[in-house]
Amino acid sequence: MNAFKLPSPSLRFIAVWRRNFLVWRKLAIPSILGNLADPMIYMLGLGYGLGKLLPEVGGVSYIAFLAAGTVCFSTMNAATFEALYSAFSRMQVQRTWDAILNAPISLDDLVLAELVWAASKSFLSGTAILAVIWALGLATSPLSLWVLPLIFLVGLSFGGLGLIVTALAP
């Protein structure tokens, strides 16, 4: 008997992802505002405030440097929070996973749905920050849109790490 088995998810994970999306949609406005508030404080307070006192380095202003870091921070934070706190809550506190697993959905489908959902939330957060950066005029090149696939991949990476910790949490 082999103790190691590769995951075998199916397209049934989409129903679980959709369920998470429908729950999130009820609180979408506060969620988006919350994802934007913290990075906006950094951009305005540190970027424009502190940035006025700092010189450019290599032709890059401090606020442009901070903007790129804010996209990264926002992306990683959204995926990690979703995979740690929200997934743990659905698994342990609300017992949502137990209810879902009574349907014809495997644990592999459920975990994949949680991972893709964490990456989706990460993508929404990173895209919102990127839109703010564009609105402030800090990014003007269409090449900056190439960061969108990377945002999703970072969400998958940090979501995966968060789900590992969630699975191991007592």
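The values are calculated or read from the model by the stated rules, or taken from the named source; none is laboratory data. As the structure is a computational prediction, the values presented were derived from the model and not from experiment. Cβ: placed from backbone, ideal geometry, glycine included. Neighbour counts: every protein chain shown. Ligands, DNA and RNA are stripped out before the accessible areas are found, and what is left, the full protein with its side chains, is counted by its heavy atoms. Shrake-Rupley method; radii C 1.70, N 1.55, O 1.52, S 1.80 Å.
Details
- Being buried (at least 23 other Cβ atoms within 10 Å of the Cβ), touching a residue at least 24 places away in the same chain (Cβ under 8 Å) and in contact with a helix residue (DSSP H, G or I) (Cβ under 9 Å, 6 or more places away or on another chain) holds for only one residue in ALA118, ALA128, and it is ALA118.
- Count - residues of the stretch 92-114 that are open to solvent by 40 Å² or more (accessible area, probe 1.4 Å) and of a type outside the set (Lys, Arg): 14
- Some residue of the stretch 63-77 being in contact with a helix residue (DSSP H, G or I) (Cβ under 8 Å, 6 or more places away or on another chain), within 25 Å of PRO149 (Cα to Cα) and of a type in the set (Phe, Trp, Tyr): yes
- Being β-branched (Val, Ile, Thr), surrounded by 11 or more Cβ atoms within 10 Å (Cβ to Cβ) and in contact with a Gly (Cβ under 7 Å, 6 or more places away or on another chain) is a description that applies to THR75.
- Selection from the stretch 142-153 of residues that are open to solvent by 50 Å² or more (accessible area, probe 1.4 Å) and over 21 Å from VAL23 (Cβ atoms): PRO142, LEU143, LEU145, TRP146, PRO149, LEU150, LEU153
- Some residue of the stretch 128-146 being within 16 Å of the chain's Cα centre (by Cα), over 23 Å from MET43 (Cα atoms) and in a helix (DSSP H, G or I): no
- Residues that are open to solvent by less than 40 Å² (accessible area, probe 1.4 Å) and under 13 Å from LEU130 (Cα atoms) within the stretch 50-72 comprise ALA64, LEU66, ALA67, GLY69, THR70, VAL71, listed in sequence order.
- Unique match (being touching a residue at least 40 places away in the same chain (Cβ under 8 Å) and either out of contact with any Lys or Arg (no Cβ under 7 Å at 6 or more places or on another chain) or more than 18 Å from VAL16 (Cα to Cα) (or both)) among LEU50, LEU84, LEU101: LEU84
- Filter result for PRO7 (exposed (fewer than 11 other Cβ atoms within 10 Å of the Cβ), within 19 Å of the chain's Cα centre (by Cα) and not β-branched (Val, Ile, Thr)): no
- Failed condition for LYS26, given (1) surrounded by 10 or more Cβ atoms within 10 Å (Cβ to Cβ); (2) free of Cβ contacts under 8 Å to residues at least 24 places away in the same chain; (3) closer than 22 Å to THR127 by Cα; (4) of a type outside the set (A, V, I, L, M, F, W, C): (1)
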